[in-house]
């Protein structure tokens, strides 16, 4: 089936960040779009406001009227709509298969990595957009500059796609350029062993028909020629140096083969975002961008919703919300927060995501969360999983070496945050902890504004 012949599409799991971007893509191209998801969210509400039909109860009858049905592997196999499509032999494709077909339409930059891929994908896309290079981009988060996970241009000159390693989805893509930010172990419910995950990243990097970008520190685990980047290894092709912080914003120099671009200002916080910016700069400069465009684009980039997103800032309290759900990501978050607020106490609210991830990285979570002054855990967000015996937030809490700690219910979070003696408050996690962002933010405004 040719994509331009698809006149109507149904999505099973339409509220997912990757699925909703595809839904918006087809809708923008004139197709009738509808879909199911388990719960109503800000994202599903946005889709409805844009004219896309979304419902929250499994309703199999009527799906056969659509030309194409797209589903995400995060949907349980027992889902009635999925089972109906299989039984009826309807035209059913995984999200990754369809995204793979889209990637073949234009030159495509695909960016993967256990951490950083959403920020880099969004940053690269913004740089192209600000430079008037016609980019269509599929993002794994909501870009603050565009309030969307989809950026459209017509005609399209280049595509940028976040490449998802879950279920080996990224191996379906047909990219001109690939980039890998990190290969830390994750999704061991799918890969079982870290080595198997690395092998998938190696296969993904090898899909590039033109060029591969790799973090210098992981280059030795890949074969073939690649362009490297780093903020710690001066031997990298693109190296970020002289990193400094002014009023919470980072500045750095970009060293590369053609010279040095000095005093680039990044419009968002976090040392890890400097590293992301070095990669984004490399991709941009090697695909038609120039120094002035780079300088303007980095400074105007507002980041991603729930990626080091400052929600409240006063002399009494600072509140930052972040999507981090892996020990390495939480470590990067805390390192940046400590760098920005070296003399302040920090309280973290963390919602573990997946029973399997909590089990597999329990020691890592406990170690990094022990760097906080106060720790409050929410119950584990199960997503696609059933509970695992013995694995709970209470189990994780026992290993965290902090004197002030507890497991709380989500609705308790705003009051606990308000009452905390810590100046800096963090909400951390990839589940539905984001539902507590506005309530906590409102309480802080009422009390300290």
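Taking the Kirkwood radius as Rh and the Cα radius of gyration as Rg, the range 367-406 has a ratio of Rg/Rh equal to 1.02. For the range 314-398, pairs of C-alpha atoms spaced more than 23 angstrom apart make up 24 percent of the total. Beta bridges per DSSP, both residues in the range 12-151: antiparallel share near 25 percent. When the P(r) is computed for the range 70-122, the part past 15 Å accounts for 63% of the Cα-Cα pairs.
Using only the C-alpha atoms, the convex hull of the chain corresponds to 144 Å³ per residue.
If R0 is 25 Å, the Cβ-Cβ spacing of residue 8 and residue 39 corresponds to a FRET efficiency of close to 0.55. Full extension of the chain between residue 87 and residue 152 yields a length gain of 19.8 nm, computed as 0.36 nm times the residue separation minus the alpha carbon distance. Of all DSSP-defined beta bridges confined to the range 309-448, some 15% are antiparallel rather than parallel. Bridge orientation summary for the chain: considering DSSP beta bridges with both residues in this region, about 25 percent are antiparallel. Taken over the range 3-95, the alpha-carbon convex hull comes to 84 cubic angstrom per residue. What the Kirkwood sum gives for the range 247-382 is a hydrodynamic radius of 16.7 Å, with every pair of different alpha carbons counted. Note on residue 234 and residue 398: the extension gain reaches 54.9 nm, defined as 0.36 nm multiplied by sequence separation minus the Cα-Cα distance. Packing here is the average count of other Cβ atoms within 10 Å per residue, and on that basis the peptides 13-20, 255-262, highest first, run 13-20, 255-262.
Kindly list the residues of the range 411-437 that lie in the label zone of residue 343, defined by a backbone N under 16 Å from the point 7 Å along the Cα-to-C-beta vector. Of the residues in the range 411-437, 423-424 have backbone N under 16 Å from the label point off residue 343.
Volume per residue of the convex hull around the Cα atoms, evaluated for the range 353-449, comes out as 92 Å³.
Computed from the coordinates by the stated procedures, all read-outs in this text should not be read as laboratory data. If you're wondering where the values come from, they're calculated on a predicted model, not measured in any experiment. Note: ideal-geometry Cβ built from the backbone for every residue, glycine included; neighbour counts use all protein chains shown.
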